[in-house]
Amino acid sequence: MAASFAEIVARGLKAEPFTLVDVGCSGGIDPRWRVFEPRLKVLGIDASEGECRRLAGLERGADAEYVAGFAGLPEGHPHRHKTSVAPIGDLIQPRFSYMRTREIRQAWLAKAPHEERMRQNEWQTTELAEATRALVVPDLLAERGWKTVDYLKIDIDRDDFEVLLSFDGRFEEFGLMAVQLEVMFIGSESNLQHSFHNTDRFMRRQGFELFDLEVRRYSSRALPGPYVWPTPAETKFGRPFMGEAYYALDPAAAKGCGRELDAERLAKLAAIFSLWQVPDAAAELVLAKRRLFEPLFPVDDALDALAAQAQPFTLRRQSYAQYMAAFERDSPSFYRPEGYVPLRERLAAAWRGLVWPRR
């Protein structure tokens with residue numbers, strides 16, 4: 001099997017590790033970042049003391065440290081504990097079907113082992129770290145001598161925006177290139193709440209652009225929807241409640257990104273784009289910085305890998321050159337055929353016809 005673009009980049013790194021800070025690391029770091037092992041350096045932070053111990057015991061391939069603590073702003077900061085959407089969330093969340101499922105499962109979860117409670121996102125019921133003193137993540141990084149952070153992920157339930165604010169004015173200090181954030185689609189017009197509009201404004205002030213956005217829907221208990229995952233959380237229909245936002249620098253833009261990034265850091269950013277499933281952004285960066293990348297990896301092979309990623313369900317994948325030539329010909333392959341209905345839609349229509357024939 002041909003190597004993925006991220007694998008090609010990882011093999012080409014000579015001096016740079018891939019540095020990842022995961023705030024809210026319960027369940028472990030996303031497996032996609034393991035492609036950089038053994039050049040993967042991780043700092044994981046979570047409120048669950050037991051989960052940090054468990055993850056440290058499982059770690060094998062990365063230079064990883066797991067720290068238990070409640071991340072946030074330092075004591076005395078004017079915005080400490082003022083960023084949550086809790087007042088509004090506490091009114092909306094009880095109406096969701098997943099909250100009813102939690103009520104149904106309450107007695108069972110109280111006796112469940114640690115791993116199962118974490119799987120069900122019941123981290124509050126596990127052995128927790130000391131909550132009185134906030135863990136200020138940028139200060140923790142400085143104490144540990146971290147000079148560079150390639151990737152920052154924040155997902156801690158409710159105080160995420162407070163953790164993000166702790167990095168205000170410090171993105172350049174750590175050379176941050178990409179940030180993954182849990183965002184909320186509820187809230188008021190307040191400029192402090194952990195809501196998407198505030199997160200987006202903050203990130204754009206830091207010079208970051210939005211490259212992807214996932215929306216999670218939650219149904220009401222009045223008409224529960226099927227759960228998307230084996231655990232009670234997002235559903236197949238319902239209102240937008242929360243999601244995942246992916247921000248990064250944009251060095252391929254005409255104005256640049258305002259930072260000087262060397263070839264290896266730029267290559268890691270391109271790999272991040274590919275692993276985010278935005279291979280077009282990776283290709284744009286490779287083409288813009290081709291001369292810088294040539295000493296690291298075979299650029300044409302890398303572009304072929306990105307073209308293959310753009311053709312996930314094609315048996316005979318075209319090379320990058322063939323793919324681009326087909327686009328320039330205005331090939332029908334870039335369009336949905338007239339009258340074509342995907343199999344999933346045909347099966348759904350057949351089922352509806354069986355259940356409600358008069359419709």
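Here is a list of conditions, (1) under 30 Å from Phe185 (Cβ atoms); (2) part of a helix (DSSP H, G or I), and Gly258 meets all of them except one; can you say which number that is?
Here Gly258 clears every test but (2).
What is the number of the single condition among (1) within 30 Å of Glu172 (Cβ to Cβ); (2) part of a strand (DSSP E or B) that Pro240 does not meet?
(1)
Out of the stretch 133-171, which residues are surrounded by fewer than 20 Cβ atoms within 10 Å (Cβ to Cβ) and assigned to a loop (DSSP other than H, G, I, E, B)?
Arg133, Arg144, Gly145, Trp146, Lys147, Thr148, Asp155, Asp157, Arg158, Asp168, Gly169, Arg170
Out of Ala107, Ala64, report the one residue that is touching a strand residue (DSSP E or B) at 6+ places or on another chain (Cβ under 6 Å) and either within 20 Å of Gly145 (Cβ to Cβ) or assigned to a helix (DSSP H, G or I) (or both).
Testing whether each residue is touching a strand residue (DSSP E or B) at 6+ places or on another chain (Cβ under 6 Å) and either within 20 Å of Gly145 (Cβ to Cβ) or assigned to a helix (DSSP H, G or I) (or both) leaves just Ala64.
Test of understanding: among Lys289, Lys268, Lys255, which residue is among the charged types (D, E, K, R) and at pLDDT below 85?
Numbers: Lys289 fails: at pLDDT below 85; Lys268 fails: at pLDDT below 85.
Selected residue: Lys255, the only one of Lys289, Lys268, Lys255 that is among the charged types (D, E, K, R) and at pLDDT below 85.
So which residues in the stretch 81-93 are free of Cβ contacts under 8 Å to residues at least 40 places away in the same chain and closer than 17 Å to Pro232 by Cβ, if there are any at all?
Within the stretch 81-93, Gln93 is the sole residue that qualifies.
To keep it simple, each residue is scored yes or no on (1) over 25 Å from Ile92 (Cβ atoms); (2) of a type in the set (Asp, Glu).
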residue	(1), (2)
Lys147	yes, no
Asp159	no, yes
Glu189	no, yes
Gln193	no, no
Asp200	no, yes
Met203	no, no
Glu209	yes, yes
Ala222	no, no
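Scan the stretch 295-323 for residues that are free of Cβ contacts under 8 Å to residues at least 60 places away in the same chain, farther than 14 Å from Phe334 by Cα and surrounded by 17 or more Cβ atoms within 10 Å (Cβ to Cβ) and jot them down.
Val299, Leu303, Tyr320
The values are calculated or read from the model by the stated rules, or taken from the named source; none is laboratory data. Note that this is a predicted model, so its numbers are computed, not measured. Quick reminder, even Gly has a Cβ in these numbers, built from the backbone with ideal geometry, and neighbours come from all protein chains shown.
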